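The values are calculated or read from the model by the stated rules, or taken from the named source; none is laboratory data. These numbers were taken from a predicted model, which means no experiment stands behind them. Here the Cβ is made from the backbone with ideal geometry for all residues, glycine too, and neighbour counts use every protein chain on show.
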Amino acid sequence: MLVEAVKRVSSGREDPGERARKYLEEIEERDRDLNAVTYVNKDAPEEVSDEGRLAGAAILVKANINVEGMPCDCASRTLKGYRAPYDATVVKRLRREGAAILGLTNMDEFAAGSSGETSCHGPTDNPRCPGRIPGGSSSGSAAAVAAGFCDAALGTDTGGSIRNPASHCGVVGFKPTYGLVPRQGLIDLAMSFDQIGPLTRTVRDAALVLEVIAGPSPEAEGTVRRSEVPRYSELLDPDEVKHLKVGLVREFLEVSEPEIAEVAREAARALERSGAEVEVVSVGRRLVDLALPTYYIINYVEFFSATRRFDGRRYGRRIEHACGREVLRRIVAGAAISRQEARGKYYERALRARTWIRSKLLEVLEDYDVLIGPTVPKPPHRLGEKLSVREMYEYDVLTVIPNLAGCPAGTVPFDSIRVDGDEVPCGVQVIGRPWEDLTALNVMAALEGAARFEP
């Protein structure tokens with residue numbers, strides 16, 4: 001695991017470039033089947049350091065985050081041939097702490113998707129259950145971690161794009177509080193939702209990566225709202241659950257398939273055995289029913305606005321002429337909703353609904369330290385299976401809620417379920433109060449210790 005590997009490198013017991021070389025060999029040998037990595041940095045073994053909090057670490061980065069000199073195409077033909085002219089703030093911080101960037105990971109085009117199937121590079125397979133989707137949009141990052149291609153990967157989470165694939169692939173994924181991690185250098189899907197976060201094998205590894213990438217920076221002014229960043233990995237303590245009150249959300253169970261809901265119930269029982277006070281709590285069915293349409297209306301408008309720069313004049317091709325079906329759907333919908341005659345009917349109402357959802361969720365969190373429930377309400381479908389737009393968007397019904405409220409949220413693999421003869425990973429979602437990321441991580445660590453999931 002990452003934390004132990006850093007200790008070995010820092011103490012001189014392991015060559016700092018050894019892990020990068022091993023991972024490059026693994027990618028070369030096995031990624032033909034997975035299609036998780038879209039670009040490989042062959043110089044990575046020479047770029048690692050034996051000093052820093054991530055000494056010797058080899059990390060993959062989602063292809064919508066700028067890494068100087070590497071392609072930054074957002075898995076779209078729109079940006080084919082474009083190379084990043086600079087490092088995103090989070091990438092600079094990884095390098096500064098001794099890590100090397102192994103390369104870039106596959107994703108849904110412009111992060112617009114929940115399955116990992118909309119990339120111009122082709123779909124990513126799920127290494128835990130081949131033939132099924134890995135989830136999206138951070139599909140390649142989750143699959144690469146699950147396959148053992150890296151120590152950790154960066155993903156982005158707009159409405160569940162870290163937690164969704166982490167759950168399907170059986171890895172840890174964490175979306176920080178909105179404003180904790182700089183977005184400078186990220187190509188936005190929807191700027192008021194997007195956060196960069198880690199995908200790792202363990203909760204402690206996620207805490208370590210988070211403490212490195214979080215916090216303010218002069219170059220990222222306006223995208224970060226908190227100055228002090230705790231040493232999450234050192235403060236992480238699963239025994240803290242003994243002092244916590246946990247709410248198992250009834251509505252999250254009701255909208256999930258029975259086997260998935262039962263995994264969440266067993267996770268709640270495990271926390272109770274660990275000393276936590278656990279209660280079934282209601283956030284109200286109206287909140288759950290409103291969340292998805294509210295999220296997508298705002299998403300459409302913000303994405304439409306963000307894509308106006310892709311006009312084919314400065315770089316790439318005009319997005320409407322090069323993009324896939326899902327990206328075009330969101331552009332067309334965003335354009336329609338942005339018109340004056342539709343703005344009050346849809347967009348402004350969605351903004352009011354978002355305010356209500358945030359206040360309602362925070363009101364519930366006044367009585368509970370964290371809320372838990374399923375991450376995704378249904379198992380991953382088979383690659384190539386045709387789903388309606390509504391069926392595809394249903395993957396996001398539980399993960400968009402923390403994004404609407406700006407809360408930290410993570411998923412930890414807890415068990416597996418049987419789906420048509422396949423063993424499929426199933427994660428449990430933990431939602432915390434804004435800026436109390438450590439509390440959410442502590443609960444995730446306690447769940448990790450009690451998990452029945454076997455990689």
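General remarks:
- Evaluation of Gly148 against the conditions (1) out of contact with any Ser or Thr (no Cβ under 8 Å at 6 or more places or on another chain); (2) at negative phi shows that the sole unmet condition is (2).
- Within the option set Leu180, Leu189, Leu199, being within 24 Å of Leu2 (Cβ to Cβ), in contact with an Asp or Glu (Cβ under 9 Å, 6 or more places away or on another chain) and not polar (S, T, N, Q) holds for one residue only, Leu180.
- Hits in the range 40-51 (condition: crowded, with 20+ Cβ neighbours inside 10 Å and either in contact with a Pro (Cβ under 9 Å, 6 or more places away or on another chain) or more than 19 Å from Phe149 (Cα to Cα) (or both)): Pro45, Val48
- Within the range 337-358, the set of residues being over 23 Å from Gly406 (Cα atoms) and acidic (Asp, Glu) comprises Glu341 only.
- Among the residues listed as Ala99, Ala75, Ala84, the single one being at pLDDT 95 or above, surrounded by 24 or more Cβ atoms within 10 Å (Cβ to Cβ), of a type in the set (A, V, I, L, M) and farther than 13 Å from Ala153 by Cβ: Ala75
- Among the candidates Ala342, Ala350, Ala335, Ala322, residue that is at pLDDT below 95 and among the hydrophobic types (A, V, I, L, M, F, W, C): Ala342
- In a residue-by-residue description of the range 248-264, the property of being assigned to a strand (DSSP E or B), in contact (Cβ under 8 Å) with a residue 24 or more places away in the chain and either surrounded by fewer than 21 Cβ atoms within 10 Å (Cβ to Cβ) or small (Gly, Ala, Ser) (or both) applies to no position.
- Index of the failed condition, Ser416 passing every other in (1) closer than 27 Å to Pro123 by Cα; (2) in contact with a Ser or Thr (Cβ under 8 Å, 6 or more places away or on another chain): (2)
- Of everything listed in (1) of a type in the set (Gly, Ala, Ser); (2) over 20 Å from Val430 (Cβ atoms); (3) not in a loop (DSSP other than H, G, I, E, B), the single unmet condition for Gly316 is (3).
- Test: residue in the range 65-75 that is in contact (Cβ under 8 Å) with a residue 12 or more places away in the chain and under 18 Å from Ala166 (Cβ atoms): yes
- Residues of the range 294-314 that are surrounded by fewer than 15 Cβ atoms within 10 Å (Cβ to Cβ) and at negative phi: Arg308, Arg309, Asp311, Arg313, Arg314.
- Residue selected from the range 336-362 under the condition within 15 Å of Leu292 (Cβ to Cβ) and surrounded by fewer than 17 Cβ atoms within 10 Å (Cβ to Cβ), by the criterion nearest to the chain's Cα centre (by Cα): Trp356
- All conditions in (1) part of a loop (DSSP other than H, G, I, E, B); (2) crowded, with 24+ Cβ neighbours inside 10 Å hold for Gly215, with the sole exception of (2).
- Selection within the range 225-241: residues that are surrounded by 12 or more Cβ atoms within 10 Å (Cβ to Cβ) and modelled with pLDDT under 80. The member of this set that is farthest from Met191 (Cα to Cα) is Arg226.
- The range 194-211 - residue that is part of a loop (DSSP other than H, G, I, E, B) and either crowded, with 24+ Cβ neighbours inside 10 Å or basic (Lys, Arg) (or both) and, of those, nearest to the chain's Cα centre (by Cα): Asp194
- Every test in (1) of a type outside the set (Gly, Ala, Ser); (2) closer than 30 Å to Ser115 by Cβ; (3) out of contact with any His (no Cβ under 9 Å at 6 or more places or on another chain) is passed by Thr78 save one, and that test is (3).
- Scanning the range 52-65 for residues that are surrounded by fewer than 24 Cβ atoms within 10 Å (Cβ to Cβ) and within 23 Å of the chain's Cα centre (by Cα) yields a single hit, Arg53.
- Of residues in the range 267-313 being among the acidic types (Asp, Glu) and not in a helix (DSSP H, G or I), the one farthest from Arg358 (Cα to Cα): Asp311
- Whether a residue is in contact with a Pro (Cβ under 8 Å, 6 or more places away or on another chain), surrounded by 17 or more Cβ atoms within 10 Å (Cβ to Cβ), touching a residue at least 60 places away in the same chain (Cβ under 8 Å) and closer than 20 Å to Met191 by Cα was assessed, and Cys426 does not pass this test.
- Matching option when the condition is in contact with a Ser or Thr (Cβ under 8 Å, 6 or more places away or on another chain), free of Cβ contacts under 8 Å to residues at least 60 places away in the same chain and within 16 Å of Asn299 (Cα to Cα), among Ile331, Ile337: Ile331
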